[in-house]
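The values are calculated or read from the model by the stated rules, or taken from the named source; none is laboratory data. Being a predicted model, the structure only gives us computed values, none of them experimental. Using ideal geometry, Cβ is built from the backbone for each residue, glycine included, and neighbour counts are taken over all protein chains shown. With ligands, DNA and RNA removed, areas are computed over all heavy atoms of the protein, side chains included. Shrake-Rupley method; radii C 1.70, N 1.55, O 1.52, S 1.80 Å.
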Amino acid sequence: MSTNAQWFERAQRVLPGGVDSPVRSFYAVGGTPYTVVSGAGAYVSDVEGRTYIDFVQSYGASLVGHAHREVVAALVDVAARGTTFGAPTPGEVLLAEAMCARVAGLEQVRFVSSGTEAAMSAIRLARGYTGRAVVVKFDGCYHGHSDALLVAGGSGVAQMGLPGSAGVTAGAVGDTVVAPYNEVPELDERVAAVIVEPVAANMGLVGPDEGFLRALREECDRVGALLVFDEVITGFRLALGGAQEFFAVSPDLWCFGKVIGGGLPVGAFGGSRTVMESLAPTGSVYQAGTLSGNPMAMAAGLAVLSLVSARELEALAERVKGWAEDLEVALGDSGLAARVPHVGSLLGLYLSREGFEPPRNLREARAICDNGLYAQFFHEALVRGVALAPGAYEILFVSLAHSPQDLERTVSVLADAAGAVARAGSSAR
Ligand SMILES: *Cc1c(COP(=O)(O)O)cnc(C)c1O
């Protein structure tokens with residue numbers, strides 16, 4: 001039987017760092033990544049036949065769990081009839097209708113192939129529509145890896161301690177302004193758009209302070225800038241109508257991804273008909289894609305949206321709330337100080353040796369995420385059969401497939417893991 005080490009060794013020969021996305025590589029936690037061969041519901045299995053309760057869930061792309069029967073059936077059905085045509089197909093209309101029906105104010109969407117493309121294109125549209133150049137983003141929010149948005153990114157960018165990326169020119173980011181999360185920046189008439197994760201989920205989990213999003217909305221209105229909600233994580237997860245519904249604040253443009261692809265590569269951006277019709281072919285902002293609105297991805301996304309009701313998302317949020325409280329207590333009892341902030345069904349995990357308050361911005365998140373504890377904790381959890389994301393800046397994704405028993409077992413596994421880390425720390429002193 002082949003091992004994870006053998007696969008990673010082969011991978012490193014032909015893929016830089018052995019991965020296609022840095023966050024998967026274990027650079028932040030050390031060791032060898034497990035190579036997944038299959039997933040089912042809340043679980044994934046690796047090449048060594050080991051099974052883990054999975055809280056990565058493709059970083060949120062999976063809401064109903066892996067290989068859901070109805071999603072698979074939809075994919076098989078589409079695949080047999082051809083997977084891409086370069087002509088309009090019913091699937092893109094159906095998914096767009098399903099999205100617009102759920103999100104108040106969302107009238108039109110344009111599908112792309114990733115969340116990166118969605119955010120990048122939304123910014124281009126905002127600049128084209130307003131005729132302005134400046135974009136404001138928040139420190140620690142991640143909007144994909146396009147040049148103009150990579151500065152002060154969360155997720156892997158934060159984990160590697162990078163201000164941005166080599167290869168991004170000063171010119172490319174010259175019109176990007178970075179502000180601390182949870183502080184409303186003072187805008188002026190040069191600002192085309194403010195882009196924000198309505199719940200920041202790429203520096204652990206940092207929720208918006210009471211009134212932050214509304215004040216942002218008002219500041220945008222004051223100067224005529226567009227407000228862009230990057231709902232690549234929150235969309236169709238936080239509530240059926242996403243953050244717009246959850247916080248009762250409406251952006252001008254939305255970015256989506258992850259959930260709406262049902263596990264296939266998808267992104268979308270959308271807004272009012274007036275703004276969206278500035279896109280080619282009706283308008284002068286160019287944007288295109290060979291595989292955009294891909295029939296497989298549309299079918300998977302539609303299957304997921306059809307499976308999920310408001311009631312189920314509320315029940316999931318309720319389950320996560322109780323679980324977060326249990327986890328915080330259990331980890332604390334095991335000798336580590338833990339904070340488990342949660343918003344809806346989104347949940348973050350911060351660990352320290354001393355008591356602390358949950359962070360409100362990247363500066364505060366860094367102080368905790370960089371303390372080195374998460375890497376040890378991650379491995380103690382993994383050997384006990386719980387797969388967390390291999391980086392302290394990521395959150396835990398609880399899918400609709402995680403049963404109360406899965407969650408209960410995870411609490412005791414993570415408490416054991418915390419105990420092991422606490423003991424290792426005290427003997428090292
Ligand atoms: C994952 C993510 C993106 C980028 O999506 P990709 O599909 O990885 O390109 C953008 N914004 C947010 C908030 C994300 O979490």
message: Quick check: convex hull of the Cα atoms in the range 1-42, volume per residue, rounded to a whole Å³?
response: 96 Å³
query: Want the number for Gln6 to Thr83: 0.36 nm per residue separation, take away the alpha-carbon distance, what's left?
result: 24.4 nm
Stokes-Einstein diffusion coefficient of the chain, Kirkwood radius over Cα pairs, 37 °C, 0.692 mPa s, in µm²/s: 149 µm²/s
- request: Using only Cα atoms, find the angle between the long axis of helix 90-102 and the longest principal axis of the chain, and express it within 0 to 90 degrees, rounded to the nearest 10.
  value: 80 degrees
- prompt: Considering only protein heavy atoms and a 1.4 Å probe, what is the carbon-and-sulfur percentage of the accessible area of the range 1-131?
  reply: 55 percent
query: Say each of Ala166 and Asp333 gets a label point 7 Å from the Cα, pointing the same way as Cα to Cβ; how far apart are those two points in nm?
result: 4.9 nm
query: Over the range 69-307, what per residue volume does the convex hull of the Cα atoms give, in whole Å³?
result: 124 Å³
query: Using alpha-carbon pairs under 8 Å, 6+ residues apart, how would you state the relative contact order of the chain in percent?
result: 21 percent
query: Where in the range 325-344 is the amide nitrogen less than 18 Å from a point lying 7 Å along the Cα-to-Cβ axis of Arg409?
result: 327
task: Please get the size of the charge dipole for the range 377-423, origin at its Cα centre, with Cβ charges of +1 on Lys and Arg and -1 on Asp and Glu, quoted in debye to the nearest 20.
output: 100 debye
message: Angle check, please: helix 310-333 long axis (alpha carbons) against the longest principal axis of the chain (alpha carbons), in degrees 0 to 90, nearest 10.
response: 40 degrees
message: Could you work out what % of the accessible surface of the range 259-363 is carbon and sulfur, using a 1.4 angstrom probe and leaving DNA, RNA and ligands out of the count?
response: 51 percent
- prompt: Which value, in Å², gives the accessible area per residue of the range 69-307 when a 1.4 Å probe is used on the protein heavy atoms?
  reply: 39 Å²
statement: Taking R0 as 45 Å and r as the Cβ-Cβ distance between Thr282 and Arg423, the FRET efficiency 1/(1 + (r/R0)^6), rounded to the nearest 0.05, comes to 0.10
- prompt: Helix 404-428 versus the longest principal axis of the chain: what is the Cα-based angle in degrees, 0 to 90, to the nearest 10?
  reply: 60 degrees
query: Stokes-Einstein at 4 °C, 1.567 mPa s, Kirkwood radius from Cα pairs: D for the range 301-412 in µm² s⁻¹?
result: 86 µm²/s
query: At 222 nm, what helix-only mean residue ellipticity would the chain give, in deg cm²/dmol to the nearest 500, using -39500 (n - 2.57) for each DSSP H run of four or more?
result: -11500 deg cm²/dmol
query: How would you classify the range 357-429 from its alpha-carbon gyration tensor, with a ≥ b ≥ c the square roots of the eigenvalues: rounded for a/c under 1.5, else prolate if a/b is greater than b/c, otherwise oblate?
result: oblate
